[in-house]
There are 2 protein chains.
Amino acid sequence: MFRSLVLLASLALLATPSLAQAPEVLPDLDGDPVVLVVHGGAGTISRAEITDATERAVRGAMEQALRAGHAEIVAGRPALDAVAAAIQILEDDVEFNAGRGAVFAADGTVRHDASVMDGASGLAGASTGTMHVRHPILLARRVMEASPHVLLSAEGAEEFALEQGLELVPNEFFHTERRQQSLLRVQERERSATGLAAPDPEPWQMMGTVGAVALSAEGHLAAGTSTGGMTNKRWGRIGDSPIIGAGTYADDATCGVSATGHGEFFIRLGIARDVAARMAYLGESVDEAATHVVGETLTEAGGTGGIIALDAGGNVSMPFNTEGMYRGYVTRSGRVVTMIYGDE
Amino acid sequence: MFRSLVLLASLALLATPSLAQAPEVLPDLDGDPVVLVVHGGAGTISRAEITDATERAVRGAMEQALRAGHAEIVAGRPALDAVAAAIQILEDDVEFNAGRGAVFAADGTVRHDASVMDGASGLAGASTGTMHVRHPILLARRVMEASPHVLLSAEGAEEFALEQGLELVPNEFFHTERRQQSLLRVQERERSATGLAAPDPEPWQMMGTVGAVALSAEGHLAAGTSTGGMTNKRWGRIGDSPIIGAGTYADDATCGVSATGHGEFFIRLGIARDVAARMAYLGESVDEAATHVVGETLTEAGGTGGIIALDAGGNVSMPFNTEGMYRGYVTRSGRVVTMIYGDE
């Protein structure tokens, strides 16, 4: 029923991905296609470091997100409805670096990025640097549907959110003790580093971005990604999550993709779009393309992270080159599978 | 010596490109490869609408930019030096929508976006929404060279610019009478439009972005793009110019690209990166790939604009689907060619 793929990681020139091999498990479709796949971030995730309580919370949230999105699909609603329903639940859960549980920027604020893309129309929407929008994924969707633009930023994006009647909350709504401690930890490391104004971020600083890709009953794809970005981010740094083609992409003719990881690599390499390009131009399957892009392109460049990808036939791929990735999928019949570690 | 390409524009569903055919003229290399190509924006540019003085000013500025970049190349310096030298000159010239001559946002400020990418290392840098950096292209380059990030934004990007010792000026430095009149014109149209909070922008609102692609004596490529974005932009709108893979891309193995046009289409379609992907995966030449991406992919989606593309062999392509595009190139021997109209 299952087959294993081994991602062969090459010697990295610029950085050292934390694991050279990441086994991947793919579902046997058996006439029961995957209709929704989610991720909650990739990184140094091992059984030794995760408590039973955290594991239960993460798996529980992903299952809830998958069931919420599945309900949209079986009701015949657009793929973007399923993406938004799933991501909203993850944004509300403090286990993930998105929405409520997002990480702190260097100045002690929490700032969100999000994006969506619709595979049928090729339309997309995204926002970056908002501080008060409760569900950034809904803002990204409104940018797509109610503005002539793709990407809105900061105060301007919040002005648009207010005009659209979205829920705004004080920035303190997003302040969690755990993320505050992470910020202090990074800033302590920064102070003790000598001669470097800004040390390269550690992979865990970018852990926890959430994303979803859905396939509607009519056969259309949509993808979305939401994040708080990087712990201790400075200078208004924008990562890959709000960048169409880097962190998010969807095209019915190829696939939908959502990414998580060291965003700078995902932008330079255009990771999400590259999966679709390999399918369109090389005739690769979604799994061949996704596996190549993460296992070779990303890994050879020295980047760490993972992606979820789904094609219009309900074939899913979830490769990553880190120790683990929070991920899961639901099939049309409602079978839910969640995974955390590399050997699942 | 010259050959003509005709871009066959298809019926556009979402918008109507202003011209169905845009002839393109390519140089015969004859052992004298192109080492630098620049653009100054694509749009409704016809002889009837351009005064002799404007034509002289635009051609003169492009020639000056090409000669400045050429000097860097023949001195054996990196391709990025040539890109920066050329774009700085265009940023200082009020004829172009970049730097000093940039257009106004809806709130009466001028805000810049810029990006660079180095084809040898795959590294990239970009900034968006700065209001005081005199040469945004230099900021984009510093982001690439002196930060661990790819994209910085707004006040944070300016903090970084100050730390890097870049020249900052008051926003008024960028205020020109001509661009102020353009803003008033768009806002008048907006007020007279009924029932639409934000009418779709007209193509001319996004005219004038500048860009350059260079080929060093060592055979390395680099690309850069700089813009003021869209006249009357609201909600912190970010276009394609600072987005790696959309407005700018460079990879020694394929090509360097800089784009200009209706940015939302360039982001969704990942235009710059798509030229490289077609070369890498389909084996197309730089001209085949660039021509397809502009003449078919962009045009069929309803987008307007153009790109410049250069490969490591010094082969150049400059397709556009608008009436004209400010563009020019210089060969290794120093032969300079500038073009404005579609029939040149």
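Applying the selection to segment B:292-303, what residues are open to solvent by 10 Å² or more (accessible area, probe 1.4 Å) and not small (G, A, S)? Outline the logic, then answer.
To start, the set of residues in segment B:292-303 that are open to solvent by 10 Å² or more (accessible area, probe 1.4 Å) comprises B:292, B:296-297, B:300-301.
Scanning segment B:292-303 gives B:H292, B:E296, B:T297, B:E300.
Taking the stated definitions as given, is B:T291 assigned to a helix (DSSP H, G or I), of a type outside the set (A, V, I, L, M), farther than 30 Å from A:V116 by Cβ and out of contact with any Phe, Trp or Tyr (no Cβ under 7 Å at 6 or more places or on another chain)? Spelling it out, B:T291 is indeed assigned to a helix (DSSP H, G or I), of a type outside the set (A, V, I, L, M), farther than 30 Å from A:V116 by Cβ and out of contact with any Phe, Trp or Tyr (no Cβ under 7 Å at 6 or more places or on another chain). Number of residues in segment A:108-166 that are closer than 19 Å to A:V210 by Cβ, at the interface with chain B (Cβ under 8 Å from one of its Cβ atoms) and not hydrophobic (A, V, I, L, M, F, W, C): the value is 2. Among the residues in segment A:161-173, are any in contact with a helix residue (DSSP H, G or I) (Cβ under 9 Å, 6 or more places away or on another chain) and either over 29 Å from A:L80 (Cα atoms) or basic (K, R) (or both)? No, segment A:161-173 has no match at all. Is segment A:235-255 home to any residue that is of a type in the set (S, T, N, Q), within 11 Å of the chain's Cα centre (by Cα) and either modelled with pLDDT under 95 or open to solvent by less than 20 Å² (accessible area, probe 1.4 Å) (or both)? Yes, segment A:235-255 has at least one match.
Residue count for segment B:273-323, restricted to those that are of a type in the set (F, W, Y), within 14 Å of another protein chain (Cβ to nearest Cβ) and touching a residue at least 40 places away in the same chain (Cβ under 8 Å): 0.
If you go through segment B:101-114 and pick out every residue that is open to solvent by 10 Å² or more (accessible area, probe 1.4 Å) and in contact with a helix residue (DSSP H, G or I) (Cβ under 6 Å, 6 or more places away or on another chain), you end up with 1. Checking each residue in segment A:67-84 for being part of a helix (DSSP H, G or I), open to solvent by 30 Å² or more (accessible area, probe 1.4 Å) and closer than 15 Å to A:D118 by Cβ picks out A:E72, A:D81.
For segment B:303-343, a residue qualifies if it is touching a helix residue (DSSP H, G or I) at 6+ places or on another chain (Cβ under 7 Å), among the small types (G, A, S) and part of a loop (DSSP other than H, G, I, E, B), and the qualifying residues are B:G303, B:G334. If the condition is being at pLDDT below 95 and farther than 16 Å from A:G41 by Cβ, then segment A:289-344 contributes only A:D343.
Restricting segment B:217-234 to residues that are open to solvent by 10 Å² or more (accessible area, probe 1.4 Å) and closer than 22 Å to B:L123 by Cβ, the residue that is nearest to the other protein chains (Cβ to nearest Cβ) is B:H220. Candidates in segment A:23-50 are the residues that are modelled with pLDDT of 85 or more and β-branched (V, I, T); of these, the one that is surrounded by the fewest Cβ atoms within 10 Å (Cβ to Cβ) is A:I50. Among residues of segment A:44-63 that are within 22 Å of A:G305 (Cβ to Cβ), those with a Cβ under 8 angstrom from a residue that is open to solvent by 50 Å² or more (accessible area, probe 1.4 Å), sequence gap 6+ or separate chain, pair up as A:T44/A:S18; A:T44/A:P203; A:T44/A:W204; A:T44/A:E323; A:I45/A:E323; A:S46/A:E323.
The values are calculated or read from the model by the stated rules, or taken from the named source; none is laboratory data. Keep in mind that this is a model prediction, so the values were computed, not measured. Methodologically, a virtual Cβ is constructed for each residue, glycine included, from the backbone with ideal geometry; neighbour enumeration extends over all protein chains shown. Areas reflect the complete protein model, heavy atoms only, side chains present, ligands, DNA and RNA absent. Shrake-Rupley method; radii C 1.70, N 1.55, O 1.52, S 1.80 Å.
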